[in-house]
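The values are calculated or read from the model by the stated rules, or taken from the named source; none is laboratory data. Please read these numbers as outputs of a predicted model, since none were measured by experiment. Please note: Cβ atoms are built from the backbone with ideal geometry, for glycine as well, and neighbour counts cover all protein chains shown. What goes into the accessible areas is simple: the full protein's heavy atoms, side chains included, and nothing from ligands, DNA or RNA. Shrake-Rupley method; radii C 1.70, N 1.55, O 1.52, S 1.80 Å.
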Amino acid sequence: MSRLLSPVTLPSVEGDGLPLRNATFLAPMCQYSVTERDGLPTSWQLVHLGARASGGFGLVWTEATAVVPEGRISPEDTGIWSDEHTEAWKPIVDFIHSQGAAAGIQLAHAGGKASTYPALPDAERGTVPESAGGWIAEAPSSSDVFGLALPAALSVEKIGELVASWGRAARRAHEAGFDALQIHAAHGYLLHEFLSPRSNQREDEYGGSFENRIRFALEIVTEVRRNWPAEKPLAIRFSGEDWIEGGWTIAETVELATRVHKLGVTVFDLSSGGIGAFTGPTGPGYQVTLARAVREALPQKGTFVTAVGQITEARHAEAILVAGDADGITVGRAALANPNWAVHAAVQLGDGQEQLVAPQYWRASMA
Ligand SMILES: Cc1cc2nc3c(=O)[nH]c(=O)nc-3n(C[C@H](O)[C@H](O)[C@H](O)COP(=O)(O)O)c2cc1C
């Protein structure tokens, strides 16, 4: 049996952790499909996540799901800020479970990159004005690094309120039945905006030194941990590098990973970029070095690191695991193209399709 398709366990602070049927993860991917602009997931999320669950993934992550309405990237994003949202997610989680996959939710706040048009082919680009149902985005500083309408700088009081809303969202995610929770601290959204010196120009206790820039992230991790069961894995997604001079670096990521691990984060996904235009490397596995840096720094026992970024071939994914660069593989665009990516991987690695293919599709040839 390949490493990629062998069962793994996502560690948790207490208990035995979360068993997964294999080490493949569906990447969190915005679907811009909330029809009423109310943050409630629709049948699109059921079909999108459900198809990848029946397609063999070990765990499927929801798209970035906002902790408050103003935290949505676009007005068409999902959220989890009311009991109605909890109820709307439940049947989706249940279906994912019925297909043998685990269900993970990515909690997010878009910060200065909120209130933008959906990234769909026929949509406008840039900031949605208030006249068209948008809102004024909020960020650590009123800075133009986002290339969007200038956001308002958050007051310390508002920062405190936001931390509390992350805790409430975590509690709702648990009530909805999610097995794992990922804090979105990547891609130039709110948490990352505090981390990066390029987007954080604050002069109070939330800006300047490394200790001050990580304060908001540590407060959120602490609050989420308080509201999320210790038996369930808590994950975080970092941009390991800004890839820009004077930006957030992998050395800082490694240090922060160590700190949040001590606060109860056990699962780490390493992405990059998001502050300004992407200037990093491209090509297959372009972010694996970042995963490896975090993997090497954390204790092997009790932590789990996933690699992401143009990992499209099963043999490449397998080689990353065998080399010890990461413990799991997150697949994005290749899984948009092929919901059955994990079943195909099993066939390509010689494990056979029988173990993963949905019984309704047993006559399909996944070779
Ligand atoms: C349509 C689309 C939507 C995305 N939305 C999110 C998101 O909601 N949260 C997130 O952390 N990353 C998001 N990403 C980034 C992916 O999770 C992933 O990191 C990226 O696509 C690189 O992996 P890949 O080369 O396998 O696609 C999105 C990517 C795409 C293509």
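Structural remarks
- Looking across segment 23-44, the residues that are in contact with a strand residue (DSSP E or B) (Cβ under 7 Å, 6 or more places away or on another chain) and either within 22 Å of G309 (Cα to Cα) or among the polar types (S, T, N, Q) (or both) come down to A23, T24, F25, L26, A27, P28, M29, C30, Q31.
- Complete set of residues in segment 114-130 that are in contact with a strand residue (DSSP E or B) (Cβ under 7 Å, 6 or more places away or on another chain) and not in a loop (DSSP other than H, G, I, E, B): T116, T127
- Scoring Q310 on the criteria (1) open to solvent by less than 30 Å² (accessible area, probe 1.4 Å); (2) assigned to a loop (DSSP other than H, G, I, E, B); (3) in contact with a Lys or Arg (Cβ under 9 Å, 6 or more places away or on another chain) leaves a single failure, condition (1).
- Inter-residue pairs, beta-carbon under 9 Å, first within 15 Å of the ligand (Cβ to nearest atom) and open to solvent by 20 Å² or more (accessible area, probe 1.4 Å) and in segment 165-188, second in a helix (DSSP H, G or I) and not aliphatic (A, V, I, L, M), 6+ apart: H187/K113
- Segment 110-132, residues that are buried (at least 18 other Cβ atoms within 10 Å of the Cβ) and away from the ligand (no atom under 12 Å from the Cβ): G111, G112, A114, S115, T116, Y117, T127, V128
- Residue selected from segment 146-164 under the condition β-branched (V, I, T) and open to solvent by less than 20 Å² (accessible area, probe 1.4 Å), by the criterion nearest to the chain's Cα centre (by Cα): V163
- Of the residues S115, S143, the single one that is touching a residue at least 12 places away in the same chain (Cβ under 8 Å), under 20 Å from the mean Cα position of the chain (by Cα) and closer than 18 Å to H187 by Cα is S115.
- Residues of segment 66-108 satisfying the condition of being among the polar types (S, T, N, Q), buried (at least 18 other Cβ atoms within 10 Å of the Cβ) and part of a helix (DSSP H, G or I): T86
- Among the conditions (1) open to solvent by 20 Å² or more (accessible area, probe 1.4 Å); (2) aromatic (F, W, Y); (3) away from the ligand (no atom under 14 Å from the Cβ), the only one that W44 does not satisfy is (3).
- Among the residues making up segment 213-231, a single one is in contact with a His (Cβ under 7 Å, 6 or more places away or on another chain) and surrounded by fewer than 24 Cβ atoms within 10 Å (Cβ to Cβ): P229.
Yes/no per residue for (1) open to solvent by 20 Å² or more (accessible area, probe 1.4 Å); (2) of a type outside the set (F, W, Y); (3) touching a strand residue (DSSP E or B) at 6+ places or on another chain (Cβ under 6 Å):
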{"site": "A323", "(1), (2), (3)": "yes, yes, no"}
{"site": "T330", "(1), (2), (3)": "no, yes, yes"}
{"site": "L349", "(1), (2), (3)": "yes, yes, no"}
{"site": "L356", "(1), (2), (3)": "no, yes, no"}
{"site": "A364", "(1), (2), (3)": "yes, yes, no"}
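- Scanning segment 1-41 for residues that are part of a loop (DSSP other than H, G, I, E, B) and within 16 Å of the ligand (Cβ to nearest atom) yields L4, A23, A27, P28, M29, C30, Q31, Y32, S33, V34, G39, P41.
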